[in-house]
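As structure tokens, the structure follows; a few thoughts come after it.
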Amino acid sequence: MPLARLREGGILATIFERTNDRGQVIGYQAKVRRRGYPSQSKTFNRKTDAERWARKIEREMDDGEFVDRTAAHQTTLVELINKYLKEVTPGYKGAAQERQRLEQMKQCRFAQHAAAKVKNTDFAEWRDDRLQQVSQAQ
């Protein structure tokens, strides 16, 4: 049974309680459905967080700024690098060097993370570590 339904301009956001086998509330799931957009859902520990997320998604849809991040959450950085190596790198003049750099990147600590979870600070840290390794090798 939904806890809250927010209806505004064709948007329907619903908040559901998530319970365990004993009927204890263990979280809240927000679902946003709007014609012309893929359904979105996310689970939170607090109801207020679920409501805040639903409002954010609705606002993005209203403003035409919504980006479906589902694929980014389901695809790892390694998968993206492999696709890039297969489809883009072969066309480069320096393909061998590019391949070498990207194969190194596939070994980094965050390469198995979902692409959506990788931050610019992860890349900066990897770059700095890599520069240090390369300068020591010279």
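Laboratory data are not the source of any read-out in this text; all were calculated from the coordinates shown. Everything numeric here is computed off the predicted structure, so don't read it as measured data. When we count neighbours, we look across all protein chains shown, and the Cβ atoms used for this are built from the backbone with ideal geometry, even at glycine.
Computed from Cα positions, the angle between helix 95-105 and the longest principal axis of the chain comes to roughly 50 degrees.
For the stretch 1-110, chymotrypsin sites (Phe, Trp or Tyr not before Pro) are listed when DSSP marks them as loop and at most 12 other Cβ atoms sit within 10 Å of their Cβ; the list is Tyr92.
Between the labelled values (i) 12.7; (ii) 7.3; (iii) 9.7, the entry that holds mean projected area of the Cα convex hull in nm² as derived from this structure is (i). Counting other Cβ atoms within 10 Å as a rough exposure proxy, the listed residues His113, His73 run His73, His113 from fewest neighbours to most. Dividing the summed helix terms, -39500 (n - 2.57) for each DSSP H run of n ≥ 4, by the number of residues in the chain produces a 222 nm estimate of -14000 deg cm²/dmol to the nearest 500. The GNM of the chain, with springs linking C-alpha atoms under 10 angstrom apart, assigns the highest mean-square fluctuation among Ile26, Ile15, Ile57 to Ile26. Dipole size of the chain about its Cα centre, with +1 on Lys/Arg Cβ and -1 on Asp/Glu Cβ: approximately 320 debye, rounded to the nearest 20. In this structure, the amide hydrogen of Thr75, modeled 1.01 Å from its nitrogen in the peptide plane, lies closer than 5 angstrom to those of Ala115, Ala116, counting only residues at least 5 positions away or on a different chain.
Of Val78, Val67, Val32, the sequence from fewest to most neighbouring Cβ atoms within 10 angstrom is Val67, Val78, Val32. Between the listed residues Gln112, Gln74, Val32, the Cα displaced farthest toward the positive end of the dipole of the chain, a dipole computed from Cβ unit charges relative to the Cα centre, is found at Val32.
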